[in-house]
Amino acid sequence: MEQTRPYGVLGEKLGHSYTPVIYRELAGLNYVKFEREPDQLEAFLRGNEWEGVNVTIPYKKAVLPYLDELSDIARRMGNVNTVTRLADGRLRGDNTDYFGFKFLLESTGVDYTDALVLVLGGDGGAGSTALKVLADLGAQAVSVNRGGEVTYADLARYAQADAIVNCTPVGMFPACPATPCSLDGFENLKAVVDIVYNPARTQIMMDAERRGIPTAGGLLMLVAQAAQAVERYTGRVLSAARIHEVCDALLATEQNIALIGMPGSGKTCVGQQLAGLLGREHIDIDHELELRLGCTCATFIEQHGEQAFRERETACLRDIAGRSRLVISSGGGVVTRQENYDLLHQNSRIVMLNRPLEELSRKNRPITARDGIERLATERMPRYRAWADDIVDSREHAKATALAVRALLPPMLEMPVADA
């Protein structure tokens, strides 16, 4: 008999969620949101409008009295995030967060046996999951919290740590980039794991990248726990390769495309064309700045100087670059401040547009007029190339260049206009 009842997520207040897309891609499931007040919980669970549900805050423990049995993991965790209807109609509670976090840890390739692992925010719900998984893997896990036995003030005592796991919301959009702690002094780190999945790269992950330390972000955990929920719902076992494939496609879909390059290289026109091809919003940083400044960028630089302009540019970029699914055309001088790299890199694929110097537009560009194209190229070209994930040579017109950029991008998912 064809399945007609939907799967979904049960919670009190449910905002934006990737999960409908994840379940569609993993198994073609019809997946919706079930927002219910506490006094509606029992009627919902005993009703027949759903086939299987994921359970989120504040109901992970509240559903327990209405379940007929629990998996061993759910019993150990003391809460459930997945409820399945058994063939005889009884309800079974499970916890797939355990599997998702274990999958995330193992993706780093680190052997956690006897490893010293600092779990930031270990006293929270996600932290308790991390501590149980790490204990089962044979790690020495230390819970670090704002108060209690081990606090952030004590981190220097654990400088020999092998890994750090962030289970706090620090660094999550829109308060990004931000980090729960510095990595200075941790010379033995083999992995940094963050359960935050928006932005794609949190500040602590980017700090680890600069040190050559493997990282893993929370989007992979989200997809992995969904894959095990699919198994509980349908009996279909999804491979690790499929989990990574869906995660990579979702990451590509959510990340911005940020265009960088010399002044006059066509970033605005190419960005407009690329946004049209991808069905995304286009934001030109210089145009956004002019709206905020109340004058042209050239006028502001002439009146207030380049340093003041760069400070305003960084502030503007901070407001915009943490968002998702944008095409961003940056100003030519964005690379003159290193902090702008983190702002772009946290949630963007950075593409350099490479245009011959003799073809660059010089109109209304006071810094170009002051310093000359050749000097600017000497100063900036190494940074453009170092920052770029891809470099695309300019074509005969903006649309052709945009098509060349699009051809380099990985496969993306079809996203609804308003994600359920």
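The values are calculated or read from the model by the stated rules, or taken from the named source; none is laboratory data. Everything quoted here is computed from the prediction, not taken from an experiment. As a convention, Cβ positions derive from the backbone with ideal geometry for all residues, glycine included, and neighbour counts pool all protein chains shown.
General remarks:
- Residue ID - modelled with the highest pLDDT, chosen from residues in region 341-391 that are part of a loop (DSSP other than H, G, I, E, B) and of a type in the set (D, E, K, R): Asp389
- Residue in region 228-246 that is farther than 30 Å from Ile373 by Cα, surrounded by fewer than 19 Cβ atoms within 10 Å (Cβ to Cβ), aliphatic (A, V, I, L, M) and within 19 Å of the chain's Cα centre (by Cα) present: no
- Evaluation of Gly212 against (1) crowded, with 23+ Cβ neighbours inside 10 Å; (2) in a loop (DSSP other than H, G, I, E, B); (3) assigned by TED's automatic domain parsing to the domain that holds Pro169 (one fails), failing number: (1)
- Listed by first and then second residue, the pairs with beta-carbon distance under 7 Å, at least 6 apart or on different chains, first residue in region 102-120 and under 22 Å from Tyr152 (Cβ atoms), second part of a helix (DSSP H, G or I) and small (Gly, Ala, Ser), are Val119/Gly127; Val119/Ala130.
- Restricting region 134-148 to residues that are touching a strand residue (DSSP E or B) at 6+ places or on another chain (Cβ under 9 Å) and part of a helix (DSSP H, G or I), the residue that is farthest from Pro180 (Cα to Cα): Ala135
- Here the condition is being in contact with a His (Cβ under 9 Å, 6 or more places away or on another chain) and closer than 29 Å to Ala241 by Cα; of Ser107, Ser128, Ser71, it holds for Ser107 alone.
- Among the residues making up region 249-276, those that are crowded, with 20+ Cβ neighbours inside 10 Å, under 20 Å from Arg318 (Cα atoms) and polar (S, T, N, Q) are Gln255, Asn256.
- The lone criterion from (1) outside the structural domain of Gly15 (by TED's automatic domain parsing); (2) surrounded by fewer than 17 Cβ atoms within 10 Å (Cβ to Cβ); (3) hydroxyl-bearing (Ser, Thr, Tyr) left unmet by Tyr112 is number (2).
- Exactly one residue out of Arg201, Arg211 is charged (D, E, K, R) and more than 19 Å from the chain's Cα centre (by Cα), and it is Arg211.
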